[in-house]
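Reviewing the structure listed below.
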């Protein structure tokens, strides 16, 4: 499938996601309509996990093979990963104000997510500071591998420490307790965000390949 | 609990602006590179 076709598929999926979030999912009984932020917040963080998984994969691949394609994959995944983590933090903060009464608190989940964001912002800054391609790729790969260790810390922080944030709705050890329409809406939005990530990844990788070609 | 629609629209609005800005940045870089490639092969 071409990159453009993948982009259009992502757009259609995002429209379907918005349709389910605002037209199909019911008004939540306790929080009211503000709970609809969940259909943005949860898929955004799951997509960020996936993006950083690609960074890990690309980093390991580069250290094992020294092929620049793996480094390009890692770099191309880090950018949308940072963006989706930023969206997670912003949407969570906006959701927190009416429900918790505060924009931010140093809760384990929030703090570990902020650390995740800063680690990968650091990863991108590091890449910008080293000119020599092999040295840059090696240093970035080490950060890309070490940074991935933070993903389980973020995800399980609500179980490991006493937190204000609710326990995992999806990907938890127990079966999900949420109602079917809410689960389906989350699933549609999760698929839409994943398609968007794959599109951005494909486009950014191609740009990096052309940039390398011009530089070389 | 009140519905707080303004918070809902703010959250989706921020996400839309950030994603669109990133997509536009990628599109501009791709266009610039395509022009450089065309100049090179001409």
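The values are calculated or read from the model by the stated rules, or taken from the named source; none is laboratory data. In this text, all values refer to a predicted model and were calculated from it rather than measured experimentally. Positions of Cβ are backbone-derived with ideal geometry, glycine not excepted, and every protein chain shown enters the neighbour counts.
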Verdict on residue A:9 being at pLDDT 95 or above, in contact with a helix residue (DSSP H, G or I) (Cβ under 8 Å, 6 or more places away or on another chain), surrounded by fewer than 22 Cβ atoms within 10 Å (Cβ to Cβ) and part of a helix (DSSP H, G or I): yes
Out of the stretch A:137-170, which residues are buried (at least 17 other Cβ atoms within 10 Å of the Cβ), without any contact (Cβ under 8 Å) to a residue 24 or more places away in the chain and not in a loop (DSSP other than H, G, I, E, B)? A:156
Hey, any hits in the stretch A:36-49 for a residue that's within 14 Å of chain B (Cβ to nearest Cβ), in contact with a strand residue (DSSP E or B) (Cβ under 9 Å, 6 or more places away or on another chain) and over 30 Å from residue A:139 (Cα atoms)? yes
Could you tell me how many of the residues in the stretch A:181-214 are within 9 Å of chain B (Cβ to nearest Cβ) and either closer than 20 Å to residue A:137 by Cβ or modelled with pLDDT under 95 (or both)? 7
Could you grab me the full set of residues in the stretch A:10-20 that are under 19 Å from the mean Cα position of the chain (by Cα) and touching a residue at least 40 places away in the same chain (Cβ under 8 Å)? A:10, A:13, A:14, A:17
Would you confirm whether any residue within the stretch A:20-28 is under 30 Å from residue A:160 (Cα atoms), buried (at least 20 other Cβ atoms within 10 Å of the Cβ) and at pLDDT 95 or above? no
